[in-house]
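Report on the structure given below.
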There are 2 protein chains.
Amino acid sequence: MDVFAAIEDRRSVKKFDPAHVMTEEEISRLMEAVALTPTSFNIQNYRFVVITDPDSKQKMRDAGWNQAQFTDCSALVVICGDRQAYAKDPARYWANVDPNTREAIVGMIEGYYGTRPEARRDENLRSGSMAAMTLMLAAKAMGYDTCPMVGFDFDAAAGIIELDPEHDIIMAVAVGMALEPARERSGRVPLDELVHRDRFGA
Amino acid sequence: MDVFAAIEDRRSVKKFDPAHVMTEEEISRLMEAVALTPTSFNIQNYRFVVITDPDSKQKMRDAGWNQAQFTDCSALVVICGDRQAYAKDPARYWANVDPNTREAIVGMIEGYYGTRPEARRDENLRSGSMAAMTLMLAAKAMGYDTCPMVGFDFDAAAGIIELDPEHDIIMAVAVGMALEPARERSGRVPLDELVHRDRFGA
């Protein structure tokens, strides 16, 4: 599927076919694409919990104001970030460069994140959100639709997925087979309010 | 360009042709696609400052440890977020739905963001980072390459682009014509460390 077509046709879908099952091959293909999302210093700090188990989906729905997408989707991908990714053998993130470059970059990684816990969380939000966008576009190209979601109790969700406390939940994306087309776009801000030239306000 | 090809071929490029100029039509096409990136409650809280002016690019390079991408790219897109977007006539974000639905959603928007300043900043990070990913893939499909960047002084950058203080800088993306292919991927984390099933650790 063409990139611009995917960007234009991607819409947040609320009604999925609850009977549809994604194959393991489809889930693998999707997540392999998502793992190509760039990260700062290549620390690959995103983590993904792909929920297909009906009980877990129901618990997420209970934590998400009973929104039907949680259970009717085929896969609910909870996107997380590891605040300690920067420190988990960072040399491996630069395994394929010469040793001097590797050593220099590892030093920069430790310098940047080592003393700034807030930067670790921000990076989780950046990497996880970029990954969410890759996921939505790749799913669209595979014939699926998606719904990005922040409307759930993050603490409850962390309990449901048994998330390690060094991690943050960023958002979730429901992936499934749409039962009906999305409605008209609900209201767009004019482009000249969003896009400025050279300086803000221009 | 195929979505999966764009995801696989997108790499962070450091060497751009400084003589290449993007046309206004190309910049518009790119930013129109970026503005289709989803946002929570459709608040469209991302803002973009597209820098093509050489003096501004040089100032950004000075604020970014002299990295050549800042000046050699054709367009440097500084991605920002408006912490007040949620409160700026939110009914327009839902103009195309029935009045009762619109009123209900506007109430939810005010309820969610009105008392939680930290949620406004998090949403800026989410929306802006998703937009960055759309930008990188759309640029790739247009024959351009990109480099996502956080390695610059955000406070200095805010001054350069004269950013309104109610806004956050999220990151920047350099867009240009690559002068040489990207190197081999520098080191990838195994997929089974990134992707878990139903619960974290599984």
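For the condition modelled with pLDDT under 95, surrounded by fewer than 20 Cβ atoms within 10 Å (Cβ to Cβ) and of a type outside the set (Gly, Ala, Ser), what is the one hit in B:Thr115, B:Thr101? Steps first, answer last, please.
Values: B:Thr101 fails: modelled with pLDDT under 95.
It is B:Thr115.
Inclusion of A:Ala104 among residues that are more than 24 Å from B:Ile105 (Cβ to Cβ), within 21 Å of the chain's Cα centre (by Cα) and not charged (D, E, K, R) is not warranted. Close Cβ contacts (under 6 Å, 6 or more residues apart or on different chains) running from residues in region B:158-186 that are without any contact (Cβ under 8 Å) to a residue 40 or more places away in the chain to residues that are among the small types (Gly, Ala, Ser) are absent.
Annotation: of all residues in region B:65-114 being acidic (Asp, Glu) and within 12 Å of chain A (Cβ to nearest Cβ), the one that is nearest to B:Ile170 (Cα to Cα) is B:Asp82.
A single member of B:Ile43, B:Ile51, B:Ile7, B:Ile79 is over 25 Å from B:Ala178 (Cβ atoms), in contact with a helix residue (DSSP H, G or I) (Cβ under 7 Å, 6 or more places away or on another chain) and touching a residue at least 12 places away in the same chain (Cβ under 8 Å), and it is B:Ile43. The residues of region A:160-184 that are outside any strand (DSSP E or B) and either facing another protein chain (nearest Cβ under 10 Å) or acidic (Asp, Glu) (or both), listed by number, are A:Ile160, A:Ile161, A:Glu162, A:Leu163, A:Asp164, A:Glu166, A:Glu180, A:Arg183, A:Glu184.
The set of residues from region B:186-200 being part of a loop (DSSP other than H, G, I, E, B) and more than 12 Å from A:Asp82 (Cβ to Cβ) comprises B:Ser186, B:Gly187, B:Arg188, B:Pro190, B:Asp198, B:Arg199. Going through (1) among the polar types (S, T, N, Q); (2) surrounded by fewer than 20 Cβ atoms within 10 Å (Cβ to Cβ); (3) outside any loop (DSSP other than H, G, I, E, B) one by one, B:Ser56 falls short only on (2).
The values are calculated or read from the model by the stated rules, or taken from the named source; none is laboratory data. What you see is a predicted model, and the numbers here were worked out from it, not measured in a lab. Positions of Cβ are backbone-derived with ideal geometry, glycine not excepted, and every protein chain shown enters the neighbour counts.
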